[in-house]
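See below for the structure under consideration.
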Amino acid sequence: MPNREFKLKPSKQYIFLICIVFLLSLTIILCLPVGGALKLCGFFLTWIYGAYLLSNDGLLRGKQAITSIKYAGDGCWQISMTDKTLDAELLGDSTVTGMVSVLRFRIISQRWPIACVVFRDSLPLDRYRQLVVQLKTQ
């Protein structure tokens, strides 16, 4: 029986995307036709938010960061976050491609579904292929 647990690591592609959006946001703030104090305030707040996103989402250190997904069989998945593991059901509106997969899960105890974005470099290449096959056969 194949190993059905997929342990995610921080994605270099996702970190690069966060940095690009962050730097473009800072550039836009500097180009705004407003006073210097307002620019400085916007620059500072954007810098703090960018660092927060990079730390919690990009490096998978946040409470809600999904660090592992495991297929438990019969359409059930287990999602491991930094501090808890939840049972979930994969929703049909999930998107799976060769580069990135956007997986949406419904948690029994939560009203709203949660999303997990898995970039190809979050897993070793063969493990990403196994994940894609597992998702497409379900």
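The values are calculated or read from the model by the stated rules, or taken from the named source; none is laboratory data. As the structure is a computational prediction, the values presented were derived from the model and not from experiment. Because the Cβ atoms are built from the backbone with ideal geometry, glycine has one as well, and the counts that use them run over all protein chains shown.
Being farther than 21 Å from GLY58 by Cα and of a type outside the set (Lys, Arg): is that true of ILE114 here? First the steps, then the outcome.
Numbers: farther than 21 Å from GLY58 by Cα: no; of a type outside the set (Lys, Arg): yes.
When the stated conditions are applied, ILE114 does not pass them.
Identify all residues within region 1-52 that are among the hydrophobic types (A, V, I, L, M, F, W, C) and within 15 Å of the chain's Cα centre (by Cα); write none if there are none. Reasoning before the result, please.
Step one: filter region 1-52 for residues among the hydrophobic types (A, V, I, L, M, F, W, C), giving 1, 6, 8, 15-24, 26, 28-32, 34, 37-38, 40-41, 43-45, 47-48, 51.
The answer is PHE6, LEU8, ILE15, PHE16, LEU17, ILE18, CYS19.
Select, from ILE20, ILE48, ILE15, the only residue that is surrounded by 15 or more Cβ atoms within 10 Å (Cβ to Cβ) and at pLDDT 95 or above. Working first, answer last.
On the way: ILE20 fails: surrounded by 15 or more Cβ atoms within 10 Å (Cβ to Cβ); ILE48 fails: surrounded by 15 or more Cβ atoms within 10 Å (Cβ to Cβ).
Result: ILE15 is the single residue among ILE20, ILE48, ILE15 that is surrounded by 15 or more Cβ atoms within 10 Å (Cβ to Cβ) and at pLDDT 95 or above.
Could we say that GLN78 is surrounded by 15 or more Cβ atoms within 10 Å (Cβ to Cβ) and under 26 Å from GLN130 (Cα atoms) here? If you could, list the steps in order and put the result at the bottom.
Numbers: surrounded by 15 or more Cβ atoms within 10 Å (Cβ to Cβ): yes; under 26 Å from GLN130 (Cα atoms): yes.
When the stated conditions are applied, GLN78 passes them.
Looking only at region 84-127, filter to residues that are hydroxyl-bearing (Ser, Thr, Tyr) and farther than 24 Å from ILE18 by Cα; which one of those is nearest to the chain's Cα centre (by Cα)? Let's see the steps before the verdict.
The first filter runs over region 84-127 and keeps only residues hydroxyl-bearing (Ser, Thr, Tyr), leaving 85, 94-95, 97, 101, 109, 122.
Adding the requirement that they be farther than 24 Å from ILE18 by Cα leaves 85, 109.
Details: THR85: 16, SER109: 21 Å.
Looking at residues that are hydroxyl-bearing (Ser, Thr, Tyr) and farther than 24 Å from ILE18 by Cα, I get THR85.
Within region 24-42, can you find the residues that are under 30 Å from MET81 (Cβ atoms) and either of a type in the set (Phe, Trp, Tyr) or surrounded by fewer than 12 Cβ atoms within 10 Å (Cβ to Cβ) (or both)?
LEU24, the sole residue that qualifies.
Look at GLN110 and say whether it is part of a loop (DSSP other than H, G, I, E, B) and either at negative phi or modelled with pLDDT under 90 (or both).
On the way: part of a loop (DSSP other than H, G, I, E, B): yes; either at negative phi or modelled with pLDDT under 90 (or both): yes.
Considered against the rule, which asks whether it is part of a loop (DSSP other than H, G, I, E, B) and either at negative phi or modelled with pLDDT under 90 (or both), GLN110 comes out as yes.
Can you say whether LEU60 is surrounded by fewer than 16 Cβ atoms within 10 Å (Cβ to Cβ) and either modelled with pLDDT under 95 or within 16 Å of the chain's Cα centre (by Cα) (or both), as far as the supplied structure shows? It would help to see each step written out before you state the result.
On the way: surrounded by fewer than 16 Cβ atoms within 10 Å (Cβ to Cβ): no; either modelled with pLDDT under 95 or within 16 Å of the chain's Cα centre (by Cα) (or both): yes.
So LEU60 does not fit the description; no.
Pick from region 88-125 the residues that are of a type in the set (Lys, Arg) and over 17 Å from ALA65 (Cβ atoms): which of them is surrounded by the most Cβ atoms within 10 Å (Cβ to Cβ)? Explain how you work it out, then say what you get.
In the first step, residues of region 88-125 are kept if they are of a type in the set (Lys, Arg); the result is 104, 106, 111, 120.
Now restrict to residues that are over 17 Å from ALA65 (Cβ atoms): 106, 111, 120.
Numbers: ARG106: 14, ARG111: 6, ARG120: 18.
Here the answer is ARG120.
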